[in-house]
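Asks: I am attaching a structure below and will ask some questions about it afterwards.
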Amino acid sequence: MRYKYFYGFLLTLSFIGYNAQVSESVKKMAQPLDHISYAESSHIGAGGEESKIYNQFKKVAKIASNDELYYFAMNGSNALKLYSGKELFKRKDKRFLDVYTFYSRNPLIMEYVLGCTIDRKNIAEFLKSEVYAAPHYISFRDQLLKNKDKQDEIVKTQLSQIKELGYDKLTEEDVTTVKKQLEKINNKK
């Protein structure tokens, strides 16, 4: 009988905690992703159509604080966990390493649609892939920015897309630092 009250208390406390962690506007924006168990890249399928799931998360990311993203990375649906973890990395939030460590030690296998392929891995592996892919975006961005005088509409569009993907503020040094931390975490396993 005591356990019944105890579990009721814990359930109530968790709902109160959820409400305190995430603002109403962010909760409302994230609601369509609440029960999504997989994630998608920005463009999917053989034709490269825009992903509705990814675009919905980008709306969430625009208004969510890092604290709210961290909450989703640890407590959201699989889609919110992965997208939020990636966004914390792009925002240079040190809690990205906490998220990576957690999923390294507590594997959560999920599907990720990348273009027209589907991959099944642990969330930590997807997060690591994001870190290792970042230098390519950064290098491309920096090359495009070198020729500011010769920026035509194509270059402006490419820079806009890189910014939209969240790679406008990351540097090579940021990525190198995170890679070293990931190696330390992986060596502790």
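The values are calculated or read from the model by the stated rules, or taken from the named source; none is laboratory data. None of the values given here were measured: they were computed from a predicted structure. We place every Cβ from the backbone using ideal geometry, glycine too, and count neighbours over all the protein chains shown. Only protein heavy atoms, including side chains, enter the accessible area calculation; ligands, DNA and RNA are left aside. Shrake-Rupley method; radii C 1.70, N 1.55, O 1.52, S 1.80 Å.
Asks: How much length is gained if the chain between Glu172 and Asn187 is pulled fully straight, taking 0.36 nm per residue apart and subtracting their Cα-Cα distance, in nm to one decimal?
Replies: Numbers: separation 15, 0.36 × 15 = 5.40 nm, distance 2.26 nm.
Length difference between fully extended and current span is 3.1 nm.
Asks: Within the accessible area of segment 79-136, what % is carbon and sulfur when the probe is 1.4 Å and the other protein chains stay in place? Could you put the intermediate results ahead of the total?
Replies: Numbers: 1390 of 2590 Å².
The computed percentage sits at 54.
Asks: Assuming R0 = 41 Å, can you tell me the calculated FRET efficiency for the pair Glu24 and Lys146, based on Cβ-Cβ distance, to the nearest 0.05? Present the calculation step by step, with values, prior to reporting the outcome.
Replies: Working: r = 44 Å, r/R0 = 1.07.
Calculated transfer efficiency: 0.40.
Asks: If a/c stays under 1.5 just call it rounded; otherwise compare a/b with b/c (prolate if a/b is bigger, oblate if not). Do that for segment 64-119, with a ≥ b ≥ c from the square roots of the Cα gyration tensor eigenvalues. Can you show the working numbers first?
Replies: On the way: a/c = 1.85, a/b = 1.45, b/c = 1.28.
Prolate, because a/c is 1.5 or more and a/b exceeds b/c.
Asks: Which of the peptides 111-122, 84-95, 22-33 is most tightly packed, and how do the rest follow, judged by the mean count of other Cβ atoms within 10 Å per residue? Mind dumping the intermediate values first?
Replies: Details: 111-122: 13.8, 84-95: 20.4, 22-33: 16.4.
Highest mean packing first, the order is 84-95, 22-33, 111-122.
Asks: Which entries of Lys62/Lys179; Lys28/Lys58; Lys86/Lys121 have Cα-Cα distances beyond 23 Å here? Mind showing how you got there, number by number?
Replies: On the way: Lys62/Lys179 26 Å; Lys28/Lys58 14 Å; Lys86/Lys121 15 Å.
Checking Cα-Cα distances, Lys62/Lys179 exceed 23 Å.
Asks: Rounded, prolate or oblate: which fits segment 32-81 when a ≥ b ≥ c are the square roots of the eigenvalues of the alpha-carbon gyration tensor, with rounded for a/c under 1.5 and prolate only if a/b beats b/c?
Replies: Values: a/c = 2.88, a/b = 1.75, b/c = 1.65.
Prolate is the answer for segment 32-81, as a/c is 1.5 or above and a/b outweighs b/c.
Asks: Which whole-number percentage describes the relative contact order of segment 80-189, with Cα contacts under 8 Å and a sequence gap of 6 or more?
Replies: On the way: 87 pairs, mean separation 33.8, N = 110.
Taking the mean separation of contacting Cα pairs over the length of segment 80-189, I get 31 percent.
Asks: Fully extended, how many nm does the chain gain between Thr117 and Lys62 (0.36 nm per residue separation, minus their Cα-Cα distance)? Each step should come with its number before you reach the end.
Replies: Values: separation 55, 0.36 × 55 = 19.80 nm, distance 2.74 nm.
Gain on stretching Thr117 to Lys62: 17.1 nm.
Asks: Pull out a ≥ b ≥ c, the square roots of the eigenvalues of the alpha-carbon gyration tensor of segment 117-189, then state rounded if a/c is under 1.5, prolate if not and a/b is larger than b/c, and oblate in the remaining case. Each step should come with its number before you reach the end.
Replies: Working: a/c = 4.09, a/b = 1.91, b/c = 2.14.
Oblate is the answer for segment 117-189, as a/c is 1.5 or above yet b/c matches or exceeds a/b.
Asks: On to the next question. Can you tell me the dipole magnitude for the chain around its Cα centre, using point charges on the Cβ only (Lys, Arg +1; Asp, Glu -1), in Debye to the nearest 20? Don't jump to the answer; show the numbers that get you there.
Replies: Numbers: 31 positive and 24 negative charges, 136 e Å.
Dipole about the Cα centre, nearest 20: 660 debye.
Asks: Quote the Stokes-Einstein diffusion coefficient, in whole µm² s⁻¹, for the chain, based on the Kirkwood radius over alpha carbon pairs, a temperature of 20 °C and a viscosity of 1.002 mPa s. Kindly include the intermediate steps, with their values, before the conclusion.
Replies: On the way: Rh = 18.0 Å.
Stokes-Einstein gives a translational diffusion coefficient of 119 µm²/s.
Asks: Another question about this same structure. Relative contact order of the chain: what whole-number percent is it, with Cα pairs under 8 angstrom and at least 6 residues apart? Walk me through the numbers on the way to the answer.
Replies: Details: 201 pairs, mean separation 35.6, N = 189.
Rounded, it is 19 percent for the chain.
Asks: Multiplying the sequence separation of Gln158 and Ser37 by 0.36 nm and subtracting their Cα-Cα distance, what value in nm do you get?
Replies: 40.5 nm
Asks: Averaged per residue, what accessible area in Å² does the chain show with a 1.4 Å probe, protein chains only?
Replies: Working: 11670 Å² over 189 residues.
On a per-residue basis, the chain sits at 62 Å².
Asks: Among residues other than Lys169 whose Cβ falls under 11 Å from its Cβ, what is the net charge (Lys/Arg +1, Asp/Glu -1)? Before the final figure, lay out the partial values.
Replies: Numbers: positive: Lys90, Arg91, Lys92, Arg141, Lys163; negative: Asp168, Asp174.
Summing Lys and Arg as +1 and Asp and Glu as -1 gives +3.
Asks: All other residues with a Cβ under 11 Å from the Cβ of His43 taken together, and with Lys, Arg as +1 and Asp, Glu as -1, what is their net charge? Display every interim value, and only then the final one.
Replies: Numbers: positive: none; negative: Glu40, Glu49, Glu50.
Net charge around His43: -3.
Asks: Continuing with the same structure: All other residues with a Cβ under 10 Å from the Cβ of Ala61 taken together, and with Lys, Arg as +1 and Asp, Glu as -1, what is their net charge?
Replies: Summing Lys/Arg as +1 and Asp/Glu as -1 gives +4.
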